[in-house]
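The values are calculated or read from the model by the stated rules, or taken from the named source; none is laboratory data. Quick caveat, the model's predicted, so the values are computed rather than measured. Positions of Cβ are generated from backbone atoms using ideal geometry, with glycine treated the same way; all protein chains shown enter the neighbour counts. Note: areas computed on protein heavy atoms with side chains; ligands, DNA, RNA excluded. Shrake-Rupley method; radii C 1.70, N 1.55, O 1.52, S 1.80 Å.
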Amino acid sequence: MKLLVIGSGGREHALAWCLAKTPGLQKVFVAPGNAGTAADRALENVAITDLDALADFAEEEKVSLTIVGPEAPLAAGIVNLFRARGLKIFGPSKEAAQLESSKDFAKRFMARHGIPTARFASFTERASAHAYVDQQGAPIVIKADGLAAGKGVVVAMTLVEAHAALDRMLPENGACAPEGGTPTQVVVEEFLEGEEASFIVLVDGKDVLPLASSQDHKRIGDGDTGPNTGGMGAYSPALVVTPEVHARTMREIILPTVRGMAAEGIPYTGFLYAGLMIGKDGSVKTVEFNCRLGDPEAQPILMRLKSDLFMLLDHALAGRLDQVEASWDRRVALGVVLAAANYPGAPRTGDVISGLPKGGVSSEDSHVFHAGTREHEGQTVTAGGRVLCVTALGDNVKQAQKRAYNLIIGIHFDGMQYRHDIGHRAVPR
């Protein structure tokens, strides 16, 4: 049996690493992969990104299942393409992936189906957006309507910040975006207070299998300061997702979303990620939807998964998620992202990385997952904003923290930056 993972980030490295444990497996291909997947003998990188070429490859290699990691191929319709050619692929269709690819679609969908979320308004014209922001006041949230790798969100604490974000995201006079020909759009949302968590499930079109909870750290700096990023680290399980919050999220957000998509003729299959804002009273609201595993949430979640991931995905594709359960390591997993110089702006690339454990593994309780890396003249160098995710297991958050941060001590590349407080919300004070 051969499997194909599409993508090149830390999430895809974690997926491929986890799938490589599948009994009877012949090969896991990763397209295009990174330096970490290249170094793993159980994996094989494939230098293909074109969707038609990927389908050709899957057909020629008789790939049993393709798993899509990042959002861009989903938004471009890779699932539709593979299905049309009779190839098994796990992920939502292009139409269903609008839950992530269009914030306006997602917000209007939630409004239609009574799914709790922040109040919002959408704009293509700059003057109207500015007027609305003045009317609402700050703090307020400005979101670009489209894929932005987790960085198209500005939490504006002042009106000055909000207006500056609108000027960056919206062209003047509702002009068309240069590349697409359609107007640029923003969604302006009410600022929500509470604690964020990531709630990720498998969906087979009608039934749902929740994965372990996790909590991401979006801001670049310690203490949740500085600009938003694609994620600077995560841990699992998230203590804030109590059994009551879990039940409420399933009842008020996840199941209404799956049923609503089916009712609108867009059945959803694949990973579904709901970013939650959990209030002090235990209420939950949807911050956003992603149509894939989170990154860096995938790394700690998959470190804890004891079940056969391929078996879970196979049940999802067969519409039998109601017949399976996932088993989890009782320990905490925590991942710390090592980012490149200048991230989250224009990250510097080409810096040599030293001190990497051979094959990424330092012990059975830790793993260094690669993201923005590549091989160059026999060395591993930086090739993106988020470079590595150093992930470790521990009996509690403090122990997982200690193991991950001790492993980081030996790793170096010029300009390396990371947070020193991943998991801080779960550590008793």
- Does region 363-378 hold any residues that are open to solvent by 50 Å² or more (accessible area, probe 1.4 Å), under 30 Å from Phe90 (Cβ atoms) and not in a strand (DSSP E or B), and which are they? Glu364
- Starting from residues that are in contact with a Gly (Cβ under 8 Å, 6 or more places away or on another chain) and under 15 Å from Leu99 (Cα atoms), keep the ones in region 110-144 and report whichever is surrounded by the most Cβ atoms within 10 Å (Cβ to Cβ). Lys143
- Message: Here are the criteria: (1) among the charged types (D, E, K, R); (2) without any contact (Cβ under 8 Å) to a residue 40 or more places away in the chain; (3) under 26 Å from Leu192 (Cβ atoms); (4) part of a loop (DSSP other than H, G, I, E, B). Tell me which single one Arg292 does not satisfy.
- Response: (2)
- Hey, could you check region 56-79 for residues that are part of a helix (DSSP H, G or I), over 19 Å from Gln26 (Cα atoms) and among the small types (Gly, Ala, Ser) and say which is farthest from the chain's Cα centre (by Cα)? Ala75
- Read through the list (1) of a type in the set (Ser, Thr, Tyr); (2) surrounded by fewer than 20 Cβ atoms within 10 Å (Cβ to Cβ); (3) in contact with a strand residue (DSSP E or B) (Cβ under 6 Å, 6 or more places away or on another chain), then give the number of the only condition that Tyr273 fails. (2)
- Item | Residues being open to solvent by 50 Å² or more (accessible area, probe 1.4 Å), part of a helix (DSSP H, G or I) and either in contact with a Ser or Thr (Cβ under 9 Å, 6 or more places away or on another chain) or of a type in the set (D, E, K, R) (or both) - total across region 315-350 | 2
- Show the residue pairs that are 6+ apart or on different chains and have beta-carbon atoms under 6 Å apart, the first residue being within region 68-97 and farther than 17 Å from Phe271 by Cβ, the second being outside any loop (DSSP other than H, G, I, E, B) and open to solvent by less than 10 Å² (accessible area, probe 1.4 Å). Leu81/Ala55; Arg85/Ala55; Leu87/Ala58
- Item | Considering residues of region 36-54 that are in a loop (DSSP other than H, G, I, E, B) and among the acidic types (Asp, Glu) only, the residue surrounded by the most Cβ atoms within 10 Å (Cβ to Cβ) | Asp40
- Going through region 385-429 in order, the residues found to be open to solvent by 10 Å² or more (accessible area, probe 1.4 Å), charged (D, E, K, R), closer than 23 Å to Glu195 by Cα and in contact (Cβ under 8 Å) with a residue 40 or more places away in the chain are Asp421, Arg425
